[in-house]
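Written out below as structure tokens is the structure these notes cover.
The values are calculated or read from the model by the stated rules, or taken from the named source; none is laboratory data. Not measured: the values here are computed from a predicted model. A quick note on method: Cβ atoms are made from the backbone with ideal geometry, for glycine too, and the neighbour counts reach across all protein chains shown. The accessibility values were calculated without ligands, DNA or RNA, using every heavy atom of the protein model including side chains. Shrake-Rupley method; radii C 1.70, N 1.55, O 1.52, S 1.80 Å.
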Amino acid sequence: MKQPCVYIMASKRHGTLYTGVTSNLPKRAFEHREGLVKGFSKKYDCKMLVWYELHETMIDAITREKQIKAGSRAKKLALIEALNPKWNDLFETLI
């Protein structure tokens, strides 16, 4: 599945959040879950895919990622709560 998207990983409900962009969400989410991505998400145990948004182009996805990262934590929480109020791990819905 090659589809540009922005996503948010979480350590737990209302825990640490990581926002990223990718063209292969199932692969990238798996890498986060397995601790294969070094850096922030591994350090803070962000393994749950709690939100994502598909885009037509990678440029659109990157622009949206920057917008989300520049926003407040409250705005990120609102995005998650609107799509996934129970904070389920959405990884299983991808495969």
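Here is how the numbers come out for the structure above:
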quantity: Identity of the residue in the stretch 59-95, in a loop (DSSP other than H, G, I, E, B) and more than 13 Å from the chain's Cα centre (by Cα), that ends up nearest to Met48 (Cα to Cα); calculated: Lys86
quantity: Looking only at the stretch 23-52, and only at residues there that are touching a residue at least 60 places away in the same chain (Cβ under 8 Å) and among the hydrophobic types (A, V, I, L, M, F, W, C), the one that is farthest from Lys76 (Cα to Cα); calculated: Phe30
quantity: Selected residue [of a type in the set (Gly, Ala, Ser) and surrounded by 19 or more Cβ atoms within 10 Å (Cβ to Cβ)] from Ser41, Ser23; calculated: Ser41
quantity: Search result, residues across the stretch 20-50 that are at pLDDT below 95, small (Gly, Ala, Ser) and part of a loop (DSSP other than H, G, I, E, B); calculated: Gly35, Gly39
quantity: Test for Ser72: is it small (Gly, Ala, Ser) and open to solvent by less than 40 Å² (accessible area, probe 1.4 Å); calculated: no
quantity: Among residues of the stretch 78-95, those that are surrounded by 13 or more Cβ atoms within 10 Å (Cβ to Cβ) and out of contact with any strand residue (DSSP E or B) (no Cβ under 8 Å at 6 or more places or on another chain), counted; calculated: 1
